[in-house]
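Here's the structure, in structure tokens; my notes come after.
A short reminder: the numbers here are calculations on the coordinates, not readings from a lab. The shown structure was predicted, so the numbers you read here are calculated from the model rather than taken from an experiment. Note that we place each Cβ from the backbone using ideal geometry, even for glycine, and neighbour counts take in every protein chain shown.
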Amino acid sequence: MITISKNAVEAYLEQRKESGPVCAYVYDLDHLKQHAETIKQSLPAFCELYYAVKANPDLELLSTLEPIVDGFEVASIGEINKIDGISKKPMLFGGPAKKDHEMLEAMERNVDYVNVESLHELNRMAYLAQQEQVKLPVLLRVNLSTNVSDSHIRMSGVPTQFGIDERDVPNVIVKALSYEKIEIKGFHFHAMSNNLDAAAHLRFVEMCMKKARSWRKEFALEAPIIDIGGGIGINYWDTSNPFDWDTLARELKEFEQETIDENLTLFLEIGRYMTAGCGSYVSEVLDVKTNHGEHFAVLRGGSHHLRLPAAWKMSHPFRVHSVEGWKYPFERPGIKDAEVTVAGELCTPNDVLVGKEFVSELRAGDIMVFEYAGAYGWTISHHDFLSHPHPEQVYVMNGLVYIR
Ligand SMILES: Cc1ncc(COP(=O)(O)O)c(C=O)c1O
């Protein structure tokens, strides 16, 4: 179970030297290391743990994860460069819109696996691999015909731009086998985002294994890799009721003997579940006011730093760090035992991080701590809208606070 370390934020606030309102991402690297090690140790030997860099490509986080994970899922040359700089571990290059120059660079860098997202992409890869005289190890990314879960966002089992329609996979296999410079290493099934149901995830794994087996058999393929992608969720709506990782890990062990017998390896490419819990976004309340009978707190920060709640139209989990000092000679605005909407510093009513949630007390000068902000937080946000200064990036490790 993910637990959030409160101490990293408090350690930063104690040591903070900058004047002006607080605005920072605080990453607890001890927490990340421990969480990643727990995930890795809980997985059976036939599973390989990849980190999906897109969830948070911060170099401090990548360096913390590097000794623990088996490899990295990358989706651009920028991500390949980051991993190249810190690791010799395998890279798997995915993404639905690969450019020729990206594929060529992936070949040059000996990226270990490349996802094939369509027949046309396969043809282009084969063409370029032939030109370069390299054999390209590929995973065929499948868009399954069946819907697999109630997860927040689905990439597969529904019409999307991702992967090869399951019904077309046999034709693509035939084509791939006709290319001398293409080697089918397996199948890639990443299908969902923020799934909160461990039982549904297991059903999905079973389905992936069944499909991969049938194609291996039909075409006498070795293809030892079944990549089930990521998609393990964070329960932002009720953090006391998290995804049941222990059940998933325990039940995966049930597949151990058959996978050994069949020489199969399961890849997991985990993003959100890996890094969400190590990061908090902290932002000072500048004002508390009442409009049309509703209470609003306004922050030095907002959705340009943490876009996720606005994008998903949800309240981000938070706690209030109370600050007792008040520097002005006039009244301190605040509310008690009331619902509040927490907005940011942008000039749009969409800049909301929390909508009508209860607080026992919230005053100007207090600090809002948005937990579970370590994945798809800073990296997916529109940082420069309105040209406000960026938040500090803060790392806490062994009780030491580093500020960038
Ligand atoms: C191909 C692929 N693998 C893995 C992931 C990571 O997913 P998550 O962060 O839900 O674990 C993503 C996220 O979009 C992805 O596109």
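For segment 90-270, DSSP calls about 10 percent of its internal beta bridges antiparallel.
Of interest is the spacing of the C-alpha centroids, which for segment 130-146 and segment 207-228 amounts to 14 Å.
Here each label is just a point 7 Å from Cα along the line to Cβ, and for H120 and A200 those points are 3.2 nm apart.
Quick one: work out the % antiparallel among DSSP beta bridges in the chain, nearest 5. In the chain, DSSP labels about 45 percent of beta bridges as antiparallel.
Once backbone amide H atoms are built at 1.01 Å from N, E183 has L136, V138 as its partners under 5 Å, excluding neighbours fewer than 5 places away on the same chain. The packing ranking of peptides 354-362, 269-277, 161-169, highest mean first, is 269-277, 161-169, 354-362, where packing means the average number of other beta carbon atoms within 10 angstrom of each residue. Considering only V205, V134, V148, the mean-square fluctuation computed in a Gaussian network model of the chain, springs between alpha carbons under 10 angstrom, is largest for V134. Placing a pseudo-label 7 Å from each Cα along the Cα-to-Cβ vector at R319 and N398 gives an inter-label distance of 2.6 nm.
Derived scalar couplings between HN and Hα for segment 336-343 equal 10, 6, 8, 8, 9, 9, 9, 10 Hz in order, rounded to whole Hz, by the Karplus curve 6.51 cos²θ - 1.76 cosθ + 1.60 (θ = phi - 60°), x for Gly and Pro.
Which residues does the label zone of D112 cover in segment 46-74, counting backbone N under 11 Å from a point 7 Å along Cα→Cβ? Inside the label zone: 48-51, 69-73. Could you give the length gained by full extension between V174 and S240, i.e. 0.36 nm per residue of separation minus their alpha carbon distance, to one decimal place? This chain segment gains 18.9 nm when fully extended. Relative to the dominant Cα principal axis of the chain, helix 77-86 is inclined by about 80°.
From the alpha carbon centroid of segment 238-282 to that of segment 329-396 is 31 Å.
Sequence-distant contacts, meaning Cα pairs under 8 Å at least 6 residues apart, place the relative contact order of the chain at 20 percent. Here's the list of lysines a cross-link from K175 could span, going by alpha-carbon distance under 26 Å and ignoring same-chain residues fewer than 8 apart: K98, K99, K135, K185, K210, K211, K217. The gain in end-to-end length when the D100 to L59 segment is fully stretched comes to 12.1 nm, 0.36 nm per residue minus the alpha carbon separation.
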